[in-house]
Amino acid sequence: MVIVTDSNFLDAAGTLRKGLLYCDFVAIDFEFLGLDVSAISLHDTVESRYQILRDNVIKYRPCQLGLTLFKQKSNRAYKADTYSVPLFQRFGDNDTSISLPSMRFLVKNKFNLNQVFMDGVEFCTRKEFKKFERALLAGTAASYLSREVKSQIELLKVMVHEKCYQSTSYHITHRTDEPMQKIPLKMKPNSSVSLRMPRNLSSVEKYMIIYELTKAFPQFLFTCDEKQQNLHVKNISDDYLKEKDNLERARARCSESVKGVSAILQVVHMTGKLVVGHNSLLDAMYMYHYFFSHLPANYQMFKDKFNALFPRIMDTKLLAQALRFELPGVGDSLENLGDYFGSDKSDKTVPPELRGFIEPWMNPLEDESENVYHNAGFDSYVTGEVFLKLAHIYINRRNNFKNEILDFDRIYQYLEAPILNRLPFQLMDVGCCYLTGDDSKGFRPDVITIVRRDRVAIEEDEFRYLEKALGTLMATYQFDIEWSKNKKELFLATNSPGSYAFLCEKFSNDSSLAPLDELDSGKKWTFEQRQTAWRSFKNRGVGIGINAKRIRAQNQATKIQRAMEI
């Protein structure tokens, strides 16, 4: 894994761009400064869930980006380069929040928060970058800098005068911009002077200082040494540069440092590479909001705009769910999948060329200390590795192929129809977020409608008691309860047939409350009948609106009645 920080980002950017041009696909993962799931409910519609996730993205910034570039070689085996990039935006909107539970979780998993805040790589949206570019051209970009850094720039201008020209006391004591315009400073050919740079500067601050000095002294070339502690000054004529080219080069370097890692994701967009993630809807939203443009106000617009930027994205969680019978007990979490495919247990399920660790491609294996889950770099590698292995199992078994390695183009062709541009929703009655079409239907049990047997309104005290009692009763089983606007109905949402049947049976035996479908039909069903006929009505557009409750109850009763007759 290569750790890319603010200190070495501009040096590593060239290798990253080259890798993106030649790789077959890129796996991406983010870590965030927080994630608030308290507002998420099983009752959410796609629009309400999008708004909850959007609020999270805006509230908590990303703190780490993981990129792994995968390349299939001539022998069909794969190579991969992994990059771990701490993220820290110094010059954008400073309004952000930090979740202490999330921070404790990251630190527990050996996450280096100090690296984020001290050496995180800059990033920005397109709008933020254009604003900076305008300021740069207008000569007002120094407004992005602190007062302390501005003072250091003025001090360095004076030091350039002292080092490069024997000025009179008049020139030393007056404003430095006056002698810059009137007195041509020159140095002896092939000679240089060194100035001490301020400590603890970000790359943006460093290149802004160089740019401001170049504007003041375009006849000089300013460069920093490897340790970035000394500023070297020499004549541009020694490098056969013109003043205009010298200033343009300093300006371009300044712009590149401000754009930061956003420029790398721009390359992903421009090359149209396949992007692979795991449970990646939130990652997609983070990538859009912080590196391209602010998230749209509604869900459909997000789908359209994100797909325009990244027309090819696949998610390993959906592949794992499709293979749940072929890989029993493995599950669909990244850790479980990574552990399974990293062990000998998986050797018989994947081609020999994919067994074990995928070797580095263009970069040596620099640092294994961060090869832990919840490091975005390592997670991106595991995501890509899991994707390749799941894809081969899926394609080979669905088509009765031998356990053989496939060309990447064939993998893409086989997965295009069932997997491409589909991102999983968690705890929702929707199959997935389909970026290029209508979202697929989910497989969750119907919402249970509970009413009083005498059909009168449910009092608030009774609702609060039920809410607390059911929370204790259901323990770790997922469920959510809502109260209708007319106070006469309770809506219970579950995520499994067993919990659905359990709640139906509980209220079927209750003396004061009952499932609406039983009261309407005059029939009562057993736990087993409920468990095998739990899906009766599904309409994505209706959701759980008031007008649909009666239809749902009637359809549910009809479905269960048919099951009894069989």
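Filtered by the rule that a residue be within 42 Å of the chain's Cα centre (by Cα), buried (at least 18 other Cβ atoms within 10 Å of the Cβ) and modelled with pLDDT under 90, the stretch 507-535 gives Arg530, Gln531, Ala533, Trp534.
Considering each residue of the stretch 429-440 in turn, at least one proves to be closer than 21 Å to Arg530 by Cα and out of contact with any Cys (no Cβ under 8 Å at 6 or more places or on another chain). Working only within the stretch 129-147, note down all residues that are within 29 Å of the chain's Cα centre (by Cα) and outside any helix (DSSP H, G or I). Of everything in the stretch 129-147, just one residue is within 29 Å of the chain's Cα centre (by Cα) and outside any helix (DSSP H, G or I), namely Leu145.
Condition check ((1) in contact with a helix residue (DSSP H, G or I) (Cβ under 6 Å, 6 or more places away or on another chain); (2) assigned to a helix (DSSP H, G or I); (3) more than 13 Å from Cys124 (Cβ to Cβ); (4) not assigned by TED's automatic domain parsing to the domain that holds Asp55) across all residues:
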{"site": "Tyr286", "(1), (2), (3), (4)": "yes, yes, yes, no"}
{"site": "Tyr290", "(1), (2), (3), (4)": "no, yes, no, no"}
{"site": "Pro296", "(1), (2), (3), (4)": "yes, no, yes, no"}
{"site": "Met301", "(1), (2), (3), (4)": "no, yes, yes, no"}
{"site": "Asn307", "(1), (2), (3), (4)": "no, yes, yes, no"}
{"site": "Lys317", "(1), (2), (3), (4)": "no, yes, yes, no"}
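On inspection, Asp29 fails the criterion of being crowded, with 16+ Cβ neighbours inside 10 Å, in the same structural domain as Gly120 (by TED's automatic domain parsing), acidic (Asp, Glu) and not in a strand (DSSP E or B). Only one entry in Ala469, Ala417 is farther than 25 Å from Ala320 by Cα and of a type in the set (Gly, Ala, Ser), namely Ala469. Among the residues of the stretch 427-444, those identified as of a type outside the set (D, E, K, R) and either assigned to a loop (DSSP other than H, G, I, E, B) or at pLDDT 90 or above (or both) are Leu427, Met428, Gly431, Cys432, Cys433, Tyr434, Leu435, Thr436, Gly437, Ser440, Gly442, Phe443.
Apart from one condition, Leu21 fits all of (1) surrounded by fewer than 17 Cβ atoms within 10 Å (Cβ to Cβ); (2) under 20 Å from the mean Cα position of the chain (by Cα); (3) assigned to a helix (DSSP H, G or I); the exception is (2). Report the residue count in the stretch 49-83 for those that are modelled with pLDDT of 95 or more, among the small types (Gly, Ala, Ser) and either under 16 Å from the mean Cα position of the chain (by Cα) or farther than 29 Å from Val116 by Cβ (or both). So the answer is 1. You will find that of Pro198, Pro184, the residue that is surrounded by 13 or more Cβ atoms within 10 Å (Cβ to Cβ) and at pLDDT below 90 is Pro198 and no other. Mind listing whichever residues of the stretch 114-130 are surrounded by 15 or more Cβ atoms within 10 Å (Cβ to Cβ) and out of contact with any strand residue (DSSP E or B) (no Cβ under 7 Å at 6 or more places or on another chain)? Scanning the stretch 114-130 gives Met118, Glu122, Cys124, Thr125, Glu128, Phe129. Scanning the stretch 291-330 for residues that are free of Cβ contacts under 8 Å to residues at least 24 places away in the same chain, surrounded by fewer than 15 Cβ atoms within 10 Å (Cβ to Cβ) and farther than 21 Å from Asn56 by Cα returns Ala308, Arg324, Phe325, Pro328, Gly329.
Does Lys150 fit the bill of being farther than 30 Å from Phe357 by Cα and either within 21 Å of the chain's Cα centre (by Cα) or not in a helix (DSSP H, G or I) (or both)?
Values: farther than 30 Å from Phe357 by Cα: yes; either within 21 Å of the chain's Cα centre (by Cα) or not in a helix (DSSP H, G or I) (or both): no.
Here the answer is no, as Lys150 does not meet what is asked.
Scan the stretch 293-302 and tell me whether some residue there is closer than 25 Å to Leu10 by Cβ and out of contact with any Leu (no Cβ under 6 Å at 6 or more places or on another chain). Yes, there is a match, as at least one residue in the stretch 293-302 is closer than 25 Å to Leu10 by Cβ and out of contact with any Leu (no Cβ under 6 Å at 6 or more places or on another chain). Please work out which residue is farthest from Phe111 (Cα to Cα), limiting yourself to the stretch 48-69 and to residues that are out of contact with any Leu (no Cβ under 7 Å at 6 or more places or on another chain) and outside any helix (DSSP H, G or I). Per the stated criteria, the residue is Thr68. Considering only residues in the stretch 397-426 that are part of a helix (DSSP H, G or I) and free of Cβ contacts under 8 Å to residues at least 24 places away in the same chain, the one that is surrounded by the most Cβ atoms within 10 Å (Cβ to Cβ) turns out to be Ile411.
When you go through Leu221, Leu265, Leu282, Leu295 one by one, which is the residue that is in contact with a strand residue (DSSP E or B) (Cβ under 7 Å, 6 or more places away or on another chain) and either closer than 23 Å to Ser194 by Cα or not small (Gly, Ala, Ser) (or both)?
On the way: Leu265 fails: in contact with a strand residue (DSSP E or B) (Cβ under 7 Å, 6 or more places away or on another chain); Leu282 fails: in contact with a strand residue (DSSP E or B) (Cβ under 7 Å, 6 or more places away or on another chain); Leu295 fails: in contact with a strand residue (DSSP E or B) (Cβ under 7 Å, 6 or more places away or on another chain).
Matching residue, one of Leu221, Leu265, Leu282, Leu295: Leu221.
Out of the stretch 203-234, which residues are among the hydroxyl-bearing types (Ser, Thr, Tyr) and surrounded by fewer than 21 Cβ atoms within 10 Å (Cβ to Cβ)? Selection gives Thr223 alone.
Conditions (1) among the aromatic types (Phe, Trp, Tyr); (2) assigned by TED's automatic domain parsing to the domain that holds Asn279; (3) under 30 Å from Glu47 (Cβ atoms), marked per residue:
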site	(1), (2), (3)
Asn363	no, yes, no
Val372	no, yes, no
Asn375	no, yes, no
Asn400	no, yes, no
Leu406	no, yes, no
Phe425	yes, yes, yes
Met428	no, yes, yes
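When the stretch 107-128 is filtered for residues that are in a helix (DSSP H, G or I) and touching a helix residue (DSSP H, G or I) at 6+ places or on another chain (Cβ under 7 Å), the ones remaining, listed by number, are Val107, Leu113.
Which residue is surrounded by the most Cβ atoms within 10 Å (Cβ to Cβ), if the candidates are limited to the stretch 235-259 and must be of a type in the set (A, V, I, L, M) and part of a helix (DSSP H, G or I)?
Step one: list which residues in the stretch 235-259 are of a type in the set (A, V, I, L, M), which gives 236, 241, 247, 250, 252, 258.
If we keep only those that are part of a helix (DSSP H, G or I) too, we end up with 236, 247, 250, 252, 258.
Working: Ile236: 20, Leu247: 16, Ala250: 21, Ala252: 13, Val258: 26.
Among them, the one singled out is Val258.
Examine the stretch 356-374 for a residue that is surrounded by 13 or more Cβ atoms within 10 Å (Cβ to Cβ) and in a helix (DSSP H, G or I), and state whether such a residue exists. No - not one qualifying residue is present in the stretch 356-374. Among the residues making up the stretch 201-234, those that are outside any helix (DSSP H, G or I) and within 38 Å of the chain's Cα centre (by Cα) are Leu201, Ser202, Phe222, Thr223, Cys224, Asp225, Glu226, Lys227, Gln228, Gln229, Asn230, Leu231.
The values are calculated or read from the model by the stated rules, or taken from the named source; none is laboratory data. Since this is a predicted model, take the numbers as computed values, not measurements. Heads up, the Cβs are rebuilt from the backbone with ideal geometry, glycines too, and the neighbour counts pull from every protein chain shown.
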